[in-house]
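As structure tokens, the structure follows; a few thoughts come after it.
The values are calculated or read from the model by the stated rules, or taken from the named source; none is laboratory data. Everything numeric in this text was worked out from a predicted model, so none of it was measured. Note: accessible area is taken over every heavy atom of the protein model, side chains too, but ligands, DNA and RNA are not part of it. Shrake-Rupley method; radii C 1.70, N 1.55, O 1.52, S 1.80 Å.
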Amino acid sequence: MADAGDGKSGRGLRRLITAVVIIALAVWFILANTETVGVKLWVVRVETPMWIMFAIIFIAGWAVGALLRRRSAKKNA
């Protein structure tokens, strides 16, 4: 039986639940927005379904967070 004072397992479970909720909300939001939109990337204008743009932004945000977390871990080590 896990000790009630052990914060590591509880913290890991909370992080997992939070991640699952955020991913579920992102997937729901992406699937709810399927119309085509135009996005201007400096000079070029791209027409694409909105869900693709949301997916790209979500993945980019996740990647930036992962890189910053890794950088912070190296700095603290």
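See the values below:
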| read-out | value |
| --- | --- |
| Length released on extending from I23 to I59, taking residue separation times 0.36 nm less the Cα-Cα span | 11.9 nm |
| Protein-only accessible surface order, largest first, of E47, E35 at 1.4 Å | E47, E35 |
| Interchain or long-range residues, amide H under 5 Å from V37's placed H | T48, M50 |
| Computed P(r) (all Cα pairs; the range 10-58; 10 Å bins; percent) | 24, 36, 22, 13, 4 |
